[in-house]
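The values are calculated or read from the model by the stated rules, or taken from the named source; none is laboratory data. Quick caveat, the model's predicted, so the values are computed rather than measured. Every residue, glycine among them, receives a Cβ derived from its backbone with ideal geometry; neighbour counts consider all protein chains shown.
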2 protein chains.
Amino acid sequence: MTLCGYNLLWLLKMSTFVLGFGLVLFMFRSVYLHEEFSLHPVLPHPDPVLPRSNPAVQMPKLLPEERLRSLFSYDGIWLFPKNQCHCETKGQGYNFEGAYGQKDLPAVKARRQAEFAHFQRREGLPRPPPLLAPPNLPFGYPVHGVEVMPLHTVPIPGLQFDGPSAPNYKVTLTASLGTLNTLADLPDSVVWGRGQKQLTISTSDRKLLNFILQHVTYTSTVYQHPRVDVVSLTSKSSIAKFPVTIRHPVIPKLYDPGPERKLRDLVTIATKTFLRPHKLMTMLRSVREYYPDLTVIVADDSKEPLKINDSHVEYYSMPFGKGWFAGRNLAISQVTTKYVLWVDDDFLFTNKTKIERLVDVLEKTELDVVGGSVLGNVFQFKLLLEQGENGDCIHRRSGSFQPLDGFPNCVVTSGVVNFFLAHTERLLRVGFDPRLQRVAHSEFFIDGLGSLFVGSCPDVIIGHQAHSREVDLELAALEKTYSKYRANTNAQIQFKLALHYFKNHLQCST
Amino acid sequence: MTLCGYNLLWLLKMSTFVLGFGLVLFMFRSVYLHEEFSLHPVLPHPDPVLPRSNPAVQMPKLLPEERLRSLFSYDGIWLFPKNQCHCETKGQGYNFEGAYGQKDLPAVKARRQAEFAHFQRREGLPRPPPLLAPPNLPFGYPVHGVEVMPLHTVPIPGLQFDGPSAPNYKVTLTASLGTLNTLADLPDSVVWGRGQKQLTISTSDRKLLNFILQHVTYTSTVYQHPRVDVVSLTSKSSIAKFPVTIRHPVIPKLYDPGPERKLRDLVTIATKTFLRPHKLMTMLRSVREYYPDLTVIVADDSKEPLKINDSHVEYYSMPFGKGWFAGRNLAISQVTTKYVLWVDDDFLFTNKTKIERLVDVLEKTELDVVGGSVLGNVFQFKLLLEQGENGDCIHRRSGSFQPLDGFPNCVVTSGVVNFFLAHTERLLRVGFDPRLQRVAHSEFFIDGLGSLFVGSCPDVIIGHQAHSREVDLELAALEKTYSKYRANTNAQIQFKLALHYFKNHLQCST
């Protein structure tokens, strides 16, 4: 097969074309398929070596699939690009499609596909296949890293011609999303097309040609979403192509920790409560034992608003029964510090609940979220994604990926307990989906896939209030109502599976 | 100067090194400076053409600065990379530093620099300078677009050797963040270092060499933030380098518009109110005239919670005077539809307030936010950013960048009025900073720079309630208290300027 072959593999990986066969088969088909599908055709290039007929005849075999599986697997999952993924659900795991009735499914699939297409269009997906450089190009050029802001101009570094000598040299540059120019002060007879999409340099002086090339500029002419322009550099039959990324930098949102760097200027505690004020009050009292002045934000969707006599507690009353994640999302929306600590309303601060330790971890690493443990329970889990045509496959495994650099007691993972410190700005980017009204936890970490970098430090520990029978009749009644709402009914489970299928474009889990 | 010269220009643009001189000067200094600063040194490469002595002597001049300014300016702003940016504030505009007292400034600057460094570290900034390919490399390789998910494996497309014939060929591939392998089934005598960071191929059969190269794979071995690994391909003195991007795709968060695609399943109205229930009620009544069943989310930080008798209104009571952006952020945190429409509590829906039109625009374009007009006032403004060492310069200009494809009456811009429809998921990513308690508007669009793609369609119009003197004494009293809070005091203005300086890492505006 030719060097273009893998383009198809990529197209497939990027889900633009369904091929109902395995890896090896489309590797052989790819030569013949390439012409139709490559978005960046590589130069026709004489290949003295590789026959275009089935290479398997003269060439050594490829490793057998079982070998590939053993080489490229993680936790027993084969993480190698395929055009389709599968979940071998042995009892556990779900096929998310099953959350919908057979009758509704075709319509649901059509809506899901339409929404996914809109999402991809706005994210600039699927990405085009890789841009391949042929050997022995007479040009020097920038392979990677030329970036320009919309409407700005940048010099294109590293352009150079070093081909055979000739009486006259003609080099043409072509862009599609912007215009080209050169800083060199020369007449149109030498440089033609300044400020246009095609710039042509024509001279007999090779030295002059290179001087001009070294001063070529790219100007973005449209204000737009991030895009990659492929600029081509041509002389006779040689064509070099290189990417120019058009992107507006994301503006920072920094928090001032204040001159004394007090903990209260760095961290806000956030919690959500429902029909169990006694638990909430016990938790708040335990906070005050160790952190007298930290701001605590409480979101409550109980029937009656509470009166909390604490100047550092911000209390928000929500419509009755609005739900668990709606409340969590409300609470974090009000934070004005760099970090936010999530705790449940029935947790209990102890002398092992050292928020400072978690702050230290986020300050010194690149983590977005770091969890502790609840009574020693770390609840770490890894999420591994495989991409597929009809939705991705997600695999959940307990444990962690690797130790955290600089913190031997901490690890990198995908999901943790409900006791974690997070960069407020990062947490808000993912948020807690208010559609999840009742029991929900890992749903948040799945929504954070690709956005949140999560760690876990088990030696920072928070307590949990005992599930004691309430003697007070009123409280007992509340607990009863509470548990009615708390129960994870079958309907709620189906709803969550449907959400993974539609919202997250997943097809199954293990 | 050599083809390496511009590396420095990039380093400067990427703010890793302060050089107190203009563009032309460092272009000449760059040859001598290059060795110290290039992170991707280009191969030593004989350049028969360009003397390393001051090229200005033998070479044509560069265009004079005034010419560059005219060529590369937008709205009178010179958008060309410089190591420092300036704001010529003719009366208007601000130097944000001025918001702090001279006494505090040194300490503030130190904190700001520390927070900015943490931000950059987590965002992988500044990016390394461009990777430059020298001419006449004997290799085919992927210039751009090879991407792998953490812990996954991908084939590296397009690898090929086409150098001079030799009795024996030895090609070495080297990665730094992952490992290499090949699918070709061959013994260690030919392929050495499988599954390690360095893979060596040694054979006398050129055909076999290329077969192996075409089946080389890259495996990500660490679960981490997005990174770019630079893989090198070596044979004798030739080295090709190409990027492999390690990135976890961001998981989609799609909304199901439902089988009938009702507007109420697509759009939620959000508003914030404070001490003027009469205005709010008038606005709500006007909504119901045209949209009887759309969900309206109301965030209220008045003294007494209101009772609103409307089953489609969700009412949230906040701590008194919590503030304008805190309320806006609360309201959007509760939305469960794909789109959210922002309106102020004193607006008035009319027969020109066609939400469907705005939905149509967001469905058919790549915009994240589209504004209408308030009584015909469009309030469009463009924000242009220049990057600088000590913070960026921001330039605000009224009007728009360009017409919106497919919608001749709409335009692309950076900021609009307080009447806009937004993709809920995108809006939440930016959010309304709860630190902004009082008058604030353009602050939101500045926070959205690089995240939100904004448009404006003036022919979708909402009304505004008249500023009539309230006859009702109670209401008059409320209005009085309200306007006290509403007033944009000098202290509040200073606070906002300080926020731009610290939070957004800006230095000045025009």
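I'd like the full set of residues that are more than 20 Å from residue A:220 (Cα to Cα) and touching a strand residue (DSSP E or B) at 6+ places or on another chain (Cβ under 8 Å), limited to region A:129-149.
Residues satisfying the conditions are A:130, A:131, A:132, A:133, A:134, A:135, A:137, A:138, A:139, A:140.
Which members of region A:476-507 meet the condition of being away from chain B (no Cβ under 14 Å), crowded, with 16+ Cβ neighbours inside 10 Å and among the hydrophobic types (A, V, I, L, M, F, W, C)?
Within region A:476-507, just A:478 meets the criteria.
Return yes or no: is residue B:140 at the interface with another protein chain (Cβ under 8 Å from one of its Cβ atoms), free of Cβ contacts under 8 Å to residues at least 24 places away in the same chain, within 30 Å of residue A:130 (Cα to Cα) and not basic (Lys, Arg)?
Criteria met by residue B:140.
Those residues that are more than 8 Å from chain B (Cβ to nearest Cβ) and either touching a residue at least 60 places away in the same chain (Cβ under 8 Å) or assigned to a helix (DSSP H, G or I) (or both), I need them from region A:99-124; list them, please.
Result: A:99, A:100, A:105, A:106, A:109, A:110, A:113, A:114, A:117, A:120, A:124.
Which members of region B:65-92 meet the condition of being at pLDDT 85 or above and not hydrophobic (A, V, I, L, M, F, W, C)? Explain how you work it out, then say what you get.
We begin by selecting, within region B:65-92, every residue at pLDDT 85 or above; these are B:65-81, B:84-87.
Answer for region B:65-92, where residues must be at pLDDT 85 or above and not hydrophobic (A, V, I, L, M, F, W, C): B:65, B:66, B:67, B:69, B:70, B:73, B:74, B:75, B:76, B:81, B:84, B:86.
What about residue B:152, is it facing chain A (nearest Cβ under 7 Å), farther than 21 Å from residue A:139 by Cβ and buried (at least 21 other Cβ atoms within 10 Å of the Cβ)?
Against the criterion (facing chain A (nearest Cβ under 7 Å), farther than 21 Å from residue A:139 by Cβ and buried (at least 21 other Cβ atoms within 10 Å of the Cβ)), residue B:152 qualifies.
Working only within region A:394-446, note down all residues that are in contact with a Cys (Cβ under 7 Å, 6 or more places away or on another chain) and either surrounded by 21 or more Cβ atoms within 10 Å (Cβ to Cβ) or under 24 Å from residue A:347 (Cα atoms) (or both).
A:404, A:409, A:410
Restricting to region B:210-224, give me the number of residues that are surrounded by fewer than 22 Cβ atoms within 10 Å (Cβ to Cβ) and not in a strand (DSSP E or B). Quick ask: steps written out before the conclusion?
Of all residues in region B:210-224, those surrounded by fewer than 22 Cβ atoms within 10 Å (Cβ to Cβ) come to B:219, B:221-224.
When the remaining residues are screened for being not in a strand (DSSP E or B), the result is B:221-224.
Result for region B:210-224: 4.
In region A:283-297, what count of residues is obtained for those that are out of contact with any Lys or Arg (no Cβ under 7 Å at 6 or more places or on another chain) and among the polar types (S, T, N, Q)? Can you show your working first?
Going residue by residue through region A:283-297, those that are out of contact with any Lys or Arg (no Cβ under 7 Å at 6 or more places or on another chain) are A:283-292, A:296-297.
Subsequent filtering for residues that are among the polar types (S, T, N, Q) retains A:286.
Number of matching residues: 1.
Give me the strands (runs of 3 or more DSSP E) completely within region A:282-386, filtered to those with at least 2 residues that are hydrophobic (A, V, I, L, M, F, W, C), ordered by residue number.
Because the criterion is at least 2 residues that are hydrophobic (A, V, I, L, M, F, W, C), the strands (runs of 3 or more DSSP E) in region A:282-386 that meet it are A:296-300, A:339-342, A:369-374, A:381-386.
Considering each residue of region A:150-177, count those that are assigned to a strand (DSSP E or B) and under 19 Å from residue B:130 (Cα atoms), and give that number.
Residues in region A:150-177 being assigned to a strand (DSSP E or B) and under 19 Å from residue B:130 (Cα atoms): 6 in total.
Quick one: how many residues across region B:434-452 are small (Gly, Ala, Ser) and under 16 Å from residue B:489 (Cα atoms)?
1
Right, residue A:200: touching a Lys or Arg at 6+ places or on another chain (Cβ under 9 Å), modelled with pLDDT of 95 or more and at the interface with chain B (Cβ under 10 Å from one of its Cβ atoms) or not?
Spelling it out, it is not the case that residue A:200 is touching a Lys or Arg at 6+ places or on another chain (Cβ under 9 Å), modelled with pLDDT of 95 or more and at the interface with chain B (Cβ under 10 Å from one of its Cβ atoms).
Specify the residue that is nearest to residue B:234 (Cα to Cα); the eligible residues are those in region B:52-64 that are surrounded by 12 or more Cβ atoms within 10 Å (Cβ to Cβ) and modelled with pLDDT under 90.
B:55
Could you tell me which of the residues B:454, B:430, B:416 is out of contact with any strand residue (DSSP E or B) (no Cβ under 8 Å at 6 or more places or on another chain), β-branched (Val, Ile, Thr) and at pLDDT 95 or above?
Values: B:454 fails: out of contact with any strand residue (DSSP E or B) (no Cβ under 8 Å at 6 or more places or on another chain); B:416 fails: out of contact with any strand residue (DSSP E or B) (no Cβ under 8 Å at 6 or more places or on another chain).
Of B:454, B:430, B:416, the one residue that is out of contact with any strand residue (DSSP E or B) (no Cβ under 8 Å at 6 or more places or on another chain), β-branched (Val, Ile, Thr) and at pLDDT 95 or above is B:430.
Does residue B:461 satisfy being aliphatic (A, V, I, L, M) and part of a strand (DSSP E or B)?
Taking the combined requirement at face value, the residue satisfies it.
Which residue out of A:362, A:385 is touching a Pro at 6+ places or on another chain (Cβ under 9 Å) and within 12 Å of another protein chain (Cβ to nearest Cβ)?
Exactly one residue qualifies, and that residue is A:385.
Can you tell me which residues in region B:84-96 are surrounded by 18 or more Cβ atoms within 10 Å (Cβ to Cβ) and either in contact with a helix residue (DSSP H, G or I) (Cβ under 8 Å, 6 or more places away or on another chain) or under 17 Å from residue B:503 (Cβ atoms) (or both)?
B:94, B:96
Please give the number of the condition residue A:224 fails out of (1) farther than 27 Å from residue B:118 by Cβ; (2) of a type in the set (S, T, N, Q); (3) more than 10 Å from chain B (Cβ to nearest Cβ); (4) in contact with an Asp or Glu (Cβ under 9 Å, 6 or more places away or on another chain).
Residue A:224 satisfies all of (1) farther than 27 Å from residue B:118 by Cβ; (2) of a type in the set (S, T, N, Q); (3) more than 10 Å from chain B (Cβ to nearest Cβ); (4) in contact with an Asp or Glu (Cβ under 9 Å, 6 or more places away or on another chain) except (3).
Please indicate, with yes or no, whether at least one residue in region B:125-132 is within 8 Å of chain A (Cβ to nearest Cβ) and either modelled with pLDDT under 90 or part of a strand (DSSP E or B) (or both).
yes
If you take the residues of region B:133-149 that are part of a loop (DSSP other than H, G, I, E, B) and hydrophobic (A, V, I, L, M, F, W, C), which of them is surrounded by the most Cβ atoms within 10 Å (Cβ to Cβ)?
Among those that are part of a loop (DSSP other than H, G, I, E, B) and hydrophobic (A, V, I, L, M, F, W, C), it is B:146.
Tally the residues that are in a loop (DSSP other than H, G, I, E, B), within 17 Å of residue B:372 (Cα to Cα) and touching a Gly at 6+ places or on another chain (Cβ under 6 Å), restricting the search to region B:400-449.
3
Cβ contacts < 8 Å: first residue without any contact (Cβ under 8 Å) to a residue 40 or more places away in the chain, restricted to region A:366-382; second residue outside any strand (DSSP E or B), any location; separation 6+ or different chain. Result?
So the pair list comes out as A:379/A:416; A:379/A:417.
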